[in-house]
Amino acid sequence: MRKSDAMRIWLTRSFKPFLFLGEADEELRFRDVKKLGLYIHVPFCETICGFCPYCKCPYDREKADRYIDALLLETEMVAGRGEGRAEATSLYFGGGSPALAHGRMAEIIEAVRKRFRITEGIGVELHPREVNEEILSSLKRAGVSKISVGMQSFHEGCLSFLGRPSHDIPAMRAALEKTPFETVSIDLIFAMPGQTFETLKRDVDTAFAIGANHVALYPFIDFSFADKHAAPVAGREKKALLYRIVEYCESRGCHRTSIWTFSRDGGVYSSMTRDNFLGFGCSATSLLMDRFKINTFSVDEYIKRCESGRLPTSLTLRFTRRQRMVYYLFWTAYGTRIDPRGFETFFGVPLEKEYGFEMLLARAAGLIERKNGIYELTRRGVYYYHYFEQFYTLAYIDKMWGIMRETPFPERITL
Ligand SMILES: C[S@@+](CC[C@H](N)C(=O)[O-])C[C@H]1O[C@@H](n2cnc3c(N)ncnc32)[C@H](O)[C@@H]1O
Ligand code: SF4
C-alpha cells in the first residue's frame, strides 16, 4: 500500500478512495454557503511555456471571443437561478493569461456582479509583457483591484532555464507606479537548477523595488506531462533555501500569508484559500459543502457544452463527511493556521472531537503549536506541509490533469 493511501485511510477513517465520476449536477447549491470565492479561468496565452501545467492554448481572437461568450452563458446557467444577488468574498481571474481579454473584462465583471455582491475585491493574473499602461488602466477601469504578475525570476539564467524572455523592468515599474492597485503580487519560482540563495534574494528585492506588496514563492514542480524536465533539487538543499528565503522575507517586513505567499503593507492575493468556491471556464473547479466538481479541460468542448445550454462539468466528487473534513483541514493549513472555531462553524462539531489525537500528535512532533486557541504551523510544520503539498501535487494533481488533458469527459478517476 502507498504511504498516501494509508494516510488517506487513516484520516478519512474509511477505505473509500476519492472517486471522481463523469456526472454533473445541473444545479449548484451555493446560495446558503458562507465565504464563497469566485474564480474564472481564461486559457489563452500569447506563447506557451514548457514548464507550465495549467489548462491553456495559443491565443486566437475569434476563439477567445467565443470562449468569453460561453463563459457568460455558464455564469448565467449556474447563478441565474434564484432570487437576488448572492454574496461572494472575491473574484479571481487566472489562466492562461486572462489580461489578454482585458477588452472584455468590464463586460464579464458586470455579468458576475449582476449575480454576486463581491466584498473583497477582484484579482487578475498577468504575464509580465502585459504590465503596461494600456492594459493596467483598462483592467482598473473594469473594476480590478489586485493584480498578480507571473515574473518567475528576474535572473537571466533562470529565465533561460524556464524558456521565458526577459522584460523591461524600469518600464514595468513606471507602469505600476502610474496605475496603482491595492495589491501587486509577483510570482517567483524557486529551487530551479543552478539557482542560489543570492539570486533568489535579488529576485525578492527586485519584486518589491518595482512595486509589489505581495510575493508568491513557488517551488519548481516538474510535471510529468510538461515539456520542461529537470533533475530535482535535493531535499536538504531545497529546505535550506526555503528557510533562508523565508527569514529574509520576514527581515524585509513581510509576513507569511500562506505556505508560499508573503505580504507587505497589506497586500492580499489568494484565489485558493476559500471554504467554498465556484469556478467558471475550462478546467475550473467548484467546491461546495459536499461536492467538488471540475469542468472539462477541452476549450472546444467547453464552448460546445455552454452553447448547447449544458454545464461543462467533466467530473464530480461527492465527499463523505470525513473526506470533506480532510479537504477542509488541508486547505486551511495552507494558510499556516487552523482555527478550531472555523472548523466547528463549518461542520457543527468540535475539531478536537474529530481530530483531537492527530492534533496532539502534530503538536508532539513540533509541527503545530497552539496560540490563543489557534493552531499555528511551526517552521518545521510549514516545511513538512510544503513537502507534502509537492508530493500531493505530483501524486494526485499530476495524475488527474494528465488524464483530463487527453480526455474531455472521463468516465471516472480514482485517487
Ligand atoms: C497561470 S500561471 C501565470 C500567469 C501568466 N500566464 C504568466 O505566465 O505570467 C500561474 C503561476 O504558476 C506558477 N507555475 C507555473 N508552472 C509552474 C511549475 N511547473 N512549478 C512551479 N510553479 C509554476 C508560476 O509562478 C506562474 O506565474
Ligand atoms: S506560464 Fe503563463 S504564459 Fe506560460 S503557458 Fe502557463 S499560463 Fe501561459
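Read the figures in this text as sums done on the coordinates, not as results from a lab. Fair warning: this is a prediction, and the values are worked out from it, not measured in the lab. Every residue, glycine as well, gets a Cβ built from its backbone with ideal geometry; the counts of neighbours run over all protein chains shown.
Figures for the structure shown
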quantity	calculated
Residue ID - nearest to ligand 1 (Cβ to nearest atom), chosen from residues in the stretch 181-211 that are within 23 Å of the chain's Cα centre (by Cα) and more than 19 Å from Ser258 (Cβ to Cβ)	Met192
Unmet requirement for Gly381, which otherwise passes all of (1) small (Gly, Ala, Ser); (2) in contact (Cβ under 8 Å) with a residue 60 or more places away in the chain; (3) touching a helix residue (DSSP H, G or I) at 6+ places or on another chain (Cβ under 8 Å)	(2)
Any chance Ala24 is under 23 Å from Ile413 (Cβ atoms) and surrounded by 14 or more Cβ atoms within 10 Å (Cβ to Cβ)	yes
Filter result (of a type outside the set (A, V, I, L, M), surrounded by fewer than 19 Cβ atoms within 10 Å (Cβ to Cβ) and under 30 Å from Asp300 (Cβ atoms)) within the stretch 1-21	Phe18
Within the stretch 212-247, considering residues that are away from ligand 1 (no atom under 16 Å from the Cβ) and without any contact (Cβ under 8 Å) to a residue 60 or more places away in the chain, the one nearest to Gln152 (Cα to Cα)	Asn213
All positions within the stretch 45-100 that are in contact with a Lys or Arg (Cβ under 6 Å, 6 or more places away or on another chain), away from ligand 2 (no atom under 16 Å from the Cβ) and within 22 Å of Thr313 (Cβ to Cβ)	Ile68, Ala79, Gly82, Ala86
Residue that is aliphatic (A, V, I, L, M), more than 24 Å from Tyr327 (Cα to Cα) and out of contact with any strand residue (DSSP E or B) (no Cβ under 8 Å at 6 or more places or on another chain), where the choices are Ala207, Ala226, Ala212	Ala226
Subset of the stretch 232-286 [within 19 Å of Asp205 (Cα to Cα), among the aliphatic types (A, V, I, L, M) and crowded, with 20+ Cβ neighbours inside 10 Å]	Leu242, Ile245
Strands (runs of 3 or more DSSP E) within the stretch 106-182 that include 2 or more residues away from ligand 2 (no atom under 16 Å from the Cβ)	116-118
